[in-house]
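A.B. asks: My questions will all concern the structure given below.
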Amino acid sequence: MISIITILLIVIVFVVSYISKVTLITPLNIFEKGLLSFLSFLNKEKKDVSLIEVTTKDEIGLMTKRINENIVKVKQTIKQ
């Protein structure tokens, strides 16, 4: 009986870990990479910057959209 409960708990932990990785860690890594690229562009360490891929519709996705809006504005300002 105890071994079945232990196995179920281990399975639950793995499922929760996977869901956390997919919903939190991966979008945060994409956001971080894009933000660092944008900052490098602002600091004139890079000549161009691409928009960040929006992969979620949560707060991380909202922040990503705001950064993308600023990327467009800054690129337009620099071209003038």
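The values are calculated or read from the model by the stated rules, or taken from the named source; none is laboratory data. This one's a predicted model, so the numbers in the text were calculated from it and none came from an experiment. FYI the Cβ positions are ideal-geometry reconstructions off the backbone, even for glycines, and counts take in every protein chain you see. For the accessible areas, the whole protein counts, side chains as well, though only heavy atoms, and no ligand, DNA or RNA atoms are used. Shrake-Rupley method; radii C 1.70, N 1.55, O 1.52, S 1.80 Å.
A.B. asks: Among V13, V49, V22, determine the one that fluctuates most according to a GNM of the chain built with springs between C-alpha atoms less than 10 Å apart.
C.D. replies: Per the Cα network of the chain with a 10 Å cutoff, V13 tops the list.
A.B. asks: Please give me, ordered by residue number, the GluC sites (Glu not before Pro) of the chain that lie in loop per DSSP and have at most 16 other Cβ atoms within 10 Å.
C.D. replies: Numbers: sites: E32, E45, E53, E59, E69; in loops: E45, E53.
Those that pass, being in a loop and sparsely packed, are E45, E53.
A.B. asks: Report the full-extension gain for the segment L8 to K46: residue separation times 0.36 nm, less the Cα-Cα distance, to one decimal in nm.
C.D. replies: Values: separation 38, 0.36 × 38 = 13.68 nm, distance 4.98 nm.
Result: 8.7 nm gained on full extension.
A.B. asks: Under unit Cβ charges (Lys, Arg +1; Asp, Glu -1), what dipole magnitude, rounded to 20 debye, does the chain have relative to its Cα centre? Spell out each step's value before the answer.
C.D. replies: Working: 11 positive and 7 negative charges, 84 e Å.
My answer is approximately 400 debye.
A.B. asks: Counting only helical runs of four or more DSSP H residues, what would the 222 nm mean residue ellipticity of the chain come to if each run contributes -39,500 (n - 2.57) and the total is spread over all its residues? Before the final figure, lay out the partial values.
C.D. replies: Details: 3 runs with 57 residues, N = 80.
Here the helix-only value at 222 nm equals -24500 deg cm²/dmol.
A.B. asks: To two decimal places, what compactness ratio does the chain give when its Cα radius of gyration is scaled by 2.2 N^0.38 Å?
C.D. replies: Details: Rg = 19.3 Å, N = 80, 2.2 N^0.38 = 11.6 Å.
So the chain has a normalised radius of gyration of 1.66.
A.B. asks: In square angstrom, what is the accessible area per residue of the chain with a 1.4 angstrom probe?
C.D. replies: Values: 6530 Å² over 80 residues.
Value returned for the chain: 82 Å² of accessible area per residue.
A.B. asks: On the protein heavy atoms, probe 1.4 angstrom, tell me the percent of accessible surface of the chain carried by carbon and sulfur. Please list the in-between numbers first.
C.D. replies: Details: 4370 of 6530 Å².
After summing per-atom areas, the C and S share lands at 67 percent.
A.B. asks: Using Cα-Cα distances under 8 Å and only pairs 6 or more residues apart, what relative contact order does the chain have, in percent? Could you put the intermediate results ahead of the total?
C.D. replies: Working: 39 pairs, mean separation 18.6, N = 80.
It comes to 23 percent, rounded to a whole number.
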